[in-house]
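Asker: Take this structure, written in structure tokens, and hold onto it; I'll ask about it next.
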Amino acid sequence: MPHAARSVVRRRLAVGLVLALTCTGAAAWASVPTRTAQTGPSPVLLGGADRFAVLAGGTITNTGSTIVNGDLGGGVIAGFPPGTVNGSSMDATPPRSET
């Protein structure tokens, strides 16, 4: 095979190799799974209770410098202060009868 013919064959092989690698790389890249943005669960509609930051059916006890941003409601509320409630505190303790 003459030298010029070998150059053409080598050039065609090189071009074919580049095209094959490019197509393979593109196919591999296209098969990589993409991540989609995820959102959290839908909010739970609590009606009139949605203003409460803490709402308990029993006792609420604070033991430190807790800051509650919203209303606080429960059976018995203890430990405020030293904790801070940025809202109202509503407990179910019946008022004391004055005798």
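Asker: Looking at the range 81-92, is at least one residue out of contact with any helix residue (DSSP H, G or I) (no Cβ under 7 Å at 6 or more places or on another chain) and modelled with pLDDT under 80?
Answerer: Yes, that holds for at least one residue.
Asker: Which residue is surrounded by the most Cβ atoms within 10 Å (Cβ to Cβ), if the candidates are limited to the range 46-80 and must be over 15 Å from residue 91 (Cβ atoms) and among the hydroxyl-bearing types (Ser, Thr, Tyr)?
Answerer: The extreme case among them is 66.
The values are calculated or read from the model by the stated rules, or taken from the named source; none is laboratory data. Given the structure is predicted, the values throughout are model-derived calculations rather than measurements. We place every Cβ from the backbone using ideal geometry, glycine too, and count neighbours over all the protein chains shown.
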